[in-house]
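Only one structure is covered here, and it is reproduced in the block below.
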4 protein chains.
Amino acid sequence: MARGVNKVILIGNLGGDPDVRYLPNGNAVANITLATTDSWKDKQSGQMQERTEWHRVVFFGRVAEVVGEYARKGSKLYVEGRLQTREWEKDGVKRYTTEVVVDLGGQMQLLDGRSQGGDAPAPRQSAPRQQPQQPSQQQRPEQQPAAAQQATPDYDSFDDDIPF
Amino acid sequence: MARGVNKVILIGNLGGDPDVRYLPNGNAVANITLATTDSWKDKQSGQMQERTEWHRVVFFGRVAEVVGEYARKGSKLYVEGRLQTREWEKDGVKRYTTEVVVDLGGQMQLLDGRSQGGDAPAPRQSAPRQQPQQPSQQQRPEQQPAAAQQATPDYDSFDDDIPF
Amino acid sequence: MARGVNKVILIGNLGGDPDVRYLPNGNAVANITLATTDSWKDKQSGQMQERTEWHRVVFFGRVAEVVGEYARKGSKLYVEGRLQTREWEKDGVKRYTTEVVVDLGGQMQLLDGRSQGGDAPAPRQSAPRQQPQQPSQQQRPEQQPAAAQQATPDYDSFDDDIPF
Amino acid sequence: MARGVNKVILIGNLGGDPDVRYLPNGNAVANITLATTDSWKDKQSGQMQERTEWHRVVFFGRVAEVVGEYARKGSKLYVEGRLQTREWEKDGVKRYTTEVVVDLGGQMQLLDGRSQGGDAPAPRQSAPRQQPQQPSQQQRPEQQPAAAQQATPDYDSFDDDIPF
DNA sequence: TTTT
DNA sequence: TTTT
């Protein structure tokens, strides 16, 4: 099981379309950024203040495929995962990136009222799982190098019928 | 209130004694690193795997004072806060540090079995709030110091009587 | 603070319009039922199973007013509160009702995409707080007797500008 | 997966030793009551108030065995589960009991410093799983009739090496 | 970079 | 009683 508890719960909006890749073993990995906004009344000025926080969220396995197919820029998501900090290097300097990891131990819910509005996005045809789109790990943009090198079990044993 | 939800829940052990400072207005700020350990059985090898995650946690106000007085290296803590990423610069290069912020909207619980052991440390005399120990915000070491060398040190057992 | 942690997090849909009342001191109390649905694949039959759970949720103070004005039957809500079991009597028999209580220590978020659909409900004009609609506690239907007798402080000190 | 979120997080102390039973299929079920205590300052009197809440918690499968072997009256536990209300009948009257259910989707952590003190309770020898202690469902005391009739998959596929 |  |  675990020693300790490491849990993150977020509800926010996607800053852009998900970035979905496939590991050599065929498992999907989806990266998104998620915005949450806090607001409070400033004690001094009495003015309302606002601060938007951007979270890096990484999905693995079946949930990554669902995110890749149904979530879009602006989508509202519930996410339950765990905090993980990766070390990476650039120009000989070590850096750290903290992400919220969502795999089988976590949860994801699309919160958009897809049925009430008329602009429910047509599910993007996902690349077949048996035929990984990007078997080789591509370069990632600055600040977000090769994610997901953590040893992660395969996520096959999962029901497929309805994505969410 | 807020748009969205930004919540972190941790149970782990302190990597070192808390670092308590005081803001010019007299409010306390306490920094700690907290270790949580995940373990799982590797699918390939069948071996148990373990990974320790180190979290930076920052407490503000009254809860910071309590942490400073009663939490010590090795203490087990429950923490509920929110994720926040700070930007800072070093040698002209922007870097980011993600922390768990605990203030009035959060919660903290010391989980050490204070009653069973006999070697309760005397609560460290805290600096009075009216007389800030460190009126000027000092430089922090490197902003991302030695913490978290990925090895859980021995947690000197301890316990105590009072305020929570 | 507290000894222990008592936290409930729900996302679900309202089974009916909120029932809003006012305490003698003018504070609002809103009762709703919230449905969450679990689904899983049955090991024996391989069939998908489903179970809907109905939760009683009670809001106090400002958040109760917001629920009363903006939430409706079918609305999707995020709720963070605490578990509380009330004892009541009927025909000389003690019974117990467990509720999720949401007050200043909790949180509520309306998750309906109010902007995308065209049928955003016009905010129902709430009874003015100074003129309680129902100063005397009315009879409640079976299974749900007089809620909210718990000593609860006033919830006045709260920003009012935007409800959510 | 699920529609909605149904999550309970508790840290509290056991009101008594766990009540462990075995289902006909050999799976363990453990029932406990868990106390959490809230305290707050009363607005009127300025006095500190306290209220202890008792929660019924039901564990299934491997986690039920761990609870049965290592948790005792007074033990401090972290529990993550879901809310579930059962209907039962007594003297022709329907009643309801709300419980926190902890199975594979949940989590449990013993928070007692078992290693540092010398009075770590000797693990009670558990009945072997292959030889269910109580194949037939016994009567339960009032207010707590036959739990766990919910269709629950088997909990065999679980690592066994170390309980926590 | 999102959202209200 | 809700929702997909």
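The values are calculated or read from the model by the stated rules, or taken from the named source; none is laboratory data. All of these numbers come straight from a predicted model, not from anything done at the bench. Positions of Cβ are generated from backbone atoms using ideal geometry, with glycine treated the same way; all protein chains shown enter the neighbour counts. To get the accessible areas, we keep the full protein, side chains included, count just its heavy atoms, and leave off ligands, DNA and RNA. Shrake-Rupley method; radii C 1.70, N 1.55, O 1.52, S 1.80 Å.
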Notebook entry, point to check: Do you know which residues across region B:1-39 are facing chain A (nearest Cβ under 7 Å) and of a type in the set (Lys, Arg)?
Noted result: B:Arg3, B:Lys7
Notebook entry, point to check: Which of the residues spanning region A:30-72 are surrounded by fewer than 21 Cβ atoms within 10 Å (Cβ to Cβ) and of a type in the set (A, V, I, L, M, F, W, C)?
Noted result: A:Ala35, A:Trp40, A:Met48, A:Trp54
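Scan A:Ser75, A:Ser39 and give me the residue that is under 24 Å from C:Lys76 (Cβ atoms), modelled with pLDDT under 95 and either touching a helix residue (DSSP H, G or I) at 6+ places or on another chain (Cβ under 8 Å) or not acidic (Asp, Glu) (or both).
Numbers: A:Ser75 fails: modelled with pLDDT under 95.
Exactly one of A:Ser75, A:Ser39 is under 24 Å from C:Lys76 (Cβ atoms), modelled with pLDDT under 95 and either touching a helix residue (DSSP H, G or I) at 6+ places or on another chain (Cβ under 8 Å) or not acidic (Asp, Glu) (or both), namely A:Ser39.
Identify the residue in region A:75-91 that is over 27 Å from B:Gly81 (Cβ atoms) and within 10 Å of another protein chain (Cβ to nearest Cβ) and, among all such residues, is nearest to DNA strand E (Cβ to nearest atom). First the steps, then the outcome.
As a first pass, look at region A:75-91 and keep what is over 27 Å from B:Gly81 (Cβ atoms): A:89-91.
Those still in the list that are within 10 Å of another protein chain (Cβ to nearest Cβ) too: A:90-91.
Details: A:Lys90: 18, A:Asp91: 22 Å.
Per the stated criteria, the residue is A:Lys90.
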Checklist line | Scope region C:67-117; condition in contact (Cβ under 8 Å) with a residue 60 or more places away in the chain, within 16 Å of C:Asn31 (Cβ to Cβ), in contact with a Gly (Cβ under 8 Å, 6 or more places away or on another chain) and within 16 Å of DNA strand F (Cβ to nearest atom); matching residues | finding: C:Leu77, C:Val79, C:Val100
Next item on the list: Kindly check whether there is at least one residue in region A:108-124 that is modelled with pLDDT under 95, open to solvent by less than 70 Å² (accessible area, probe 1.4 Å) and among the hydroxyl-bearing types (Ser, Thr, Tyr).
Entry: no
Check: For region C:20-58, what are the residues that are among the aromatic types (Phe, Trp, Tyr) and within 16 Å of DNA strand F (Cβ to nearest atom)?
Finding: C:Trp40, C:Trp54
